[in-house]
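What follows is calculated from the coordinates using simple rules that are stated; it is not laboratory data. Note that the structure is predicted; figures quoted are calculated from it, not measured. Ideal geometry is used to build each Cβ from the backbone, glycine not excepted, and the neighbour counts take in all protein chains shown.
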Amino acid sequence: LSLQESLLLKSLGLSAKPSPKTPIPVPPVLWRIFQRRKTQPSMNKEPVDACRVEEFDVPGDIIRVFTDQGHFIPKGQPQGQLCLRKRLYFNLSMLEEDENVTMAQLEIKFHHNSYHTSSQGQIFELRLSQPSQVSLQGMPEPRQKLLVEQSFAQLHKSLLFNLSMVARDWRMHNRNLGLVLEVAVSGGDEVNELQGLCTSIDSFLDTSLLVVTLSQQCQVSRRRRR
Amino acid sequence: SAQHPPITLSNLCRPRRLYISFSDVGWENWIIAPQGYLANYCLGECPFPLTAELNSTNHAILQTMVHSLDPQGTPQPCCVPVRLSPISILYYDNSDNVVLRHYADMVVDECGC
């Protein structure tokens, strides 16, 4: 690695030259922000603040989208309205030590099977909680801190949740036990009818966590400006 | 690939074209976009009398005057960037995550003395 290249990589905030093994597709939200910035008229006299993400109106110069590495939690015997339980896990460990998390947004996308006439207008209940300790096989479920509880109808849009406090908590205490997502059918009574409605959520559920951080360079320049 | 400044009458201080191509440095496998960008650089004279469009500081005006009286003793003022822009780079990090990072002061828009 030539000296110039390592110095340039260092000035770009990289300890080593990345060599992607399994490059994943660029998340659409990053691509949109990148394109918008590229087309921003650079001749406008107002200097662009490189340490602020205008799209979310938060300080930050680095944006990442983490894919969910959690797994579905077996429901055990059919539990009434419960359609699915899933652990969500986002590996934030590759954030640099000196990066400050300024925003974390969870996106949940249901690939609704919108041709299921039976569930048109069906209301679902969503609960998102944060486990306080690791759950052990055969042991009672550990206490969980409820973060979000809301109902939603079948729409073709994402559900977005601001998890900035949770992400900061993970970083601060260096303990990231992920999250537990539960989706249940609201109303209905016959078990088989309920399970039929659950299939309208379809098996595939896509969740990702968009994280904005402020690098050391920006923190220094912001302090200097203040 | 810096183009050598064209031989023109006005070798005054101003931005010169400098295109940085990431594939020239073998970074195209981890930088997703852009493939390169116009960084530019500043080059040129800051002669006496400094004209208004040279974006000069009061100190530079003073220094050119002293330089014109005593060329050996006091050099001309330097031609430096006075307005820069950031760029955004989309790249794969060492964990194959996609990162969008904003880098300040990466493009020279204006030069001055």
Checking rank on A:3-11, A:97-105, with mean other Cβ inside 10 Å and highest first, the result is A:97-105, A:3-11
Computed on Cα atoms, the radius of gyration and Dmax of chain B in angstrom are 18.6, 60
Shape descriptors of region B:19-77 over alpha-carbon atoms, Rg and Dmax in angstrom, are 19.2, 55
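Ranked highest first by average number of other Cβ atoms within 10 Å, how do A:122-129, A:144-151 line up?
Packing order, densest peptide first, comes out as A:122-129, A:144-151.
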Protection proxy (average C-beta count within 10 Å per residue), highest first, orders A:56-68, A:160-172 as A:56-68, A:160-172
Within 10 Å of the Cβ of an average residue in A:55-66, the count of other chain Cβ atoms is 3
Full extension between B:Ala52 and B:Met65 adds, at 0.36 nm per residue less the Cα distance, a length in nm of 3.2 nm
Residue by residue through region B:69-82, the couplings from Karplus 6.51 cos²θ - 1.76 cosθ + 1.60 with θ = phi - 60°, in Hz, x for Gly and Pro, are 7, 9, x, 6, x, 10, x, 5, x, 8, 9, 10, x, 10
In nm, the gap between the two label points placed 7 Å beyond Cα toward Cβ at A:Lys145 and A:Arg32 is 3.0 nm
To the nearest 0.05, the calculated FRET efficiency linking A:Glu96 and B:Glu110 through their beta-carbon distance, R0 being 56 Å, is 0.95
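If you take each beta carbon of peptide B:82-94 and count the beta carbons of other chains within 10 angstrom, what is the mean? Please report the intermediate quantities before stating the final value.
Working: counts 0, 2, 2, 7, 9, 5, 12, 2, 8, 4, 8, 10, 8.
Mean inter-chain Cβ contacts per residue within 10 Å come to 6.
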